[in-house]
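The values are calculated or read from the model by the stated rules, or taken from the named source; none is laboratory data. Owing to the predicted nature of the structure, the values given are computational and were not obtained by experimental measurement. Note: ideal-geometry Cβ built from the backbone for every residue, glycine included; neighbour counts use all protein chains shown.
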Amino acid sequence: MELDRVLGGGIVNGSLVLLGGEPGIGKSTLILQICDKIKGEGSVLYVSGEESAEQIKIRADRLGINNKDILFLGETDINLIEEAILKTNPKLVIIDSIQTMYSSEITSAPGSVSQVREITSKIMRICKENAITTIIIGHVTKDGNIAGPRVLEHMVDTVLYLEGERYFSYRILRGVKNRFGSTNEIGMFEMQDKGMVEITNPSSILISEREENPAGSIIVATMEGTRPLLIEIQSLTTPSVFGLPRRTANGMDYNRLTVLIAVLEKKVGLALGNQDVYINVVGGIKLNEPAIDLAVVLAAASSYKNKPIQKGYVAIGEVGLTGEIRSVNLIEKRIKEAEKLGFKCCIIPESNKKLLKEDYKLDIIGVTDINDAMKKIGLK
């Protein structure tokens with residue numbers, strides 16, 4: 001299961017897991033499916049301070065949950081919750097959500113810093129003393145961080161974030177802290193009528209709807225943890241009707257885009273100062289690594305010149321401020337993923353090409369700077 005990949009092999013008995021994500025992203029759906037997966041291993045106590053038993057039951061029926069050992073408790077008082085946990089001694093406890101729980105020993109309102117810290121401390125003590133696995137669901141702020149004190153993330157064993165644009169069907173489960181495994185792994189899901197469906201080969205899905213040969217489009221091989229992903233980068237440049245041209249980055253860092261546009265203007269001579277530039281990472285995926293730089297630059301140049309890049313090309317490389325193409329890590333995995341999906345050519349940094357030890361079926365083109373890359377790809 002994709003969740004097992006992120007957790008480093010599965011849920012550890014007696015561990016405390018914190019799951020965060022935006023409202024409506026699918027946290028409760030994923031949790032119910034986890035409850036169904038451990039069917040036959042012991043009872044599950046689902047504690048909800050937000051939804052009634054009827055609402056949970058409706059969702060469980062829709063998802064086809066068939067675990068008869070799920071016990072429901074609609075309660076927000078941590079003392080009553082503790083009594084229920086000790087009485088039922090479940091295999092798994094779900095707290096949905098930590099911001100709705102309160103302790104009568106503290107005068108502040110539920111969701112406050114002191115309440116969240118105290119509740120988590122009590123849950124952790126119960127969890128560790130009785131070897132009961134517990135999953136806590138947490139709300140996130142506008143900045144995308146789990147609401148509450150930062151110490152909350154330090155107290156738990158594992159912190160998971162469920163990411164993705166709310167109106168896109170794809171979701172990424174990312175580990176940002178894991179005492180039992182790597183934090184470099186991700187799990188990919190697609191939200192469907194019957195819940196979260198695992199995507200075992202995300203690259204083929206993310207590029208499945210690509211047109212034959214559009215201008216302003218190229219495929220990049222990026223890494224999410226140890227998993228290579230092939231994702232389409234799209235660019236659109238159009239003359240600005242305002243005095244200040246717009247730069248819009250959807251799925252990548254805005255500041256990084258402005259730097260790459262400046263490099264294109266200075267080192268290649270493209271007159272983008274009067275152009276609106278839009279960059280989109282297809283599928284609602286967010287990419288942060290610098291290895292996508294070359295693909296962004298080539299897509300923008302392709303759109304500006306209205307020249308399509310040949311189909312079957314993949315671009316990988318970091319772009320420096322002087323226009324040089326710098327090496328990236330895990331280049332072999334990226335190339336193998338492109339080869340597996342039938343791509344014909346891979347444009348990579350020359351410094352990476354010199355270190356390749358294997359022979360590949362696709363052509364490997366090494367480039368040293370942006371001008372070199374544009375010449376070899378037919379944009380100059």
| query | Is at least one residue of the stretch 173-183 of a type in the set (Phe, Trp, Tyr) and either at pLDDT below 85 or in a loop (DSSP other than H, G, I, E, B) (or both)? | reply | yes
| query | Which pairs do you get when a residue that is of a type in the set (Val, Ile, Thr), found in the stretch 329-342, comes within reach of a residue that is exposed (fewer than 15 other Cβ atoms within 10 Å of the Cβ), reach meaning Cβ atoms under 7 angstrom, with the pair 6+ apart or on two chains? | reply | Ile335/Tyr360
| note | Residue hits (the stretch 272-294; assigned to a helix (DSSP H, G or I) and β-branched (Val, Ile, Thr)) are Ile292
| field | Counted residues, the stretch 62-84 - those being under 28 Å from the mean Cα position of the chain (by Cα) and not hydrophobic (A, V, I, L, M, F, W, C) | value | 2
| Test: Glu129 is among the charged types (D, E, K, R), out of contact with any helix residue (DSSP H, G or I) (no Cβ under 9 Å at 6 or more places or on another chain), under 20 Å from Glu50 (Cα atoms) and at pLDDT 90 or above | no
| How about the stretch 148-172: which of its residues are more than 23 Å from Thr134 (Cα to Cα) and either modelled with pLDDT of 85 or more or among the aromatic types (Phe, Trp, Tyr) (or both)? | Tyr167, Phe168, Tyr170
| message | Of the conditions (1) modelled with pLDDT of 90 or more; (2) within 29 Å of Val151 (Cα to Cα), Gln99 satisfies every one except a single condition; which number is it? | response | (1)
| message | For the stretch 295-337, give me each residue that is of a type in the set (Ser, Thr, Tyr), surrounded by fewer than 23 Cβ atoms within 10 Å (Cβ to Cβ) and assigned to a helix (DSSP H, G or I). | response | Tyr304
| task | Report, ordered by the first and then the second residue, all pairs with beta carbons closer than 9 Å, sequence separation of six or more or different chains, a first member in the stretch 201-214 that is under 25 Å from Gly378 (Cα atoms), and a second member that is outside any helix (DSSP H, G or I) and among the polar types (S, T, N, Q). | result | Arg210/Ser217; Glu211/Ser217; Asn213/Gln310; Pro214/Gln234
| message | Test of understanding: among Gly111, Gly74, Gly20, which residue is in the same structural domain as Arg125 (by TED's automatic domain parsing) and on the phi > 0 side of the Ramachandran plot? | response | Gly111
| said: Looking at the stretch 218-226, can you tell me whether even one residue there is more than 30 Å from Leu30 (Cβ to Cβ), assigned by TED's automatic domain parsing to the domain that holds Pro308 and touching a strand residue (DSSP E or B) at 6+ places or on another chain (Cβ under 9 Å)? | reply: yes
| query | Does the stretch 312-328 hold any residues that are in contact with a strand residue (DSSP E or B) (Cβ under 7 Å, 6 or more places away or on another chain), in contact (Cβ under 8 Å) with a residue 40 or more places away in the chain and not small (Gly, Ala, Ser), and which are they? | reply | Tyr313, Val314, Ile316, Val319, Glu324, Ile325
| If you take the residues of the stretch 112-132 that are of a type in the set (Gly, Ala, Ser) and in a loop (DSSP other than H, G, I, E, B), which of them is nearest to Gly40 (Cα to Cα)? | Ala131
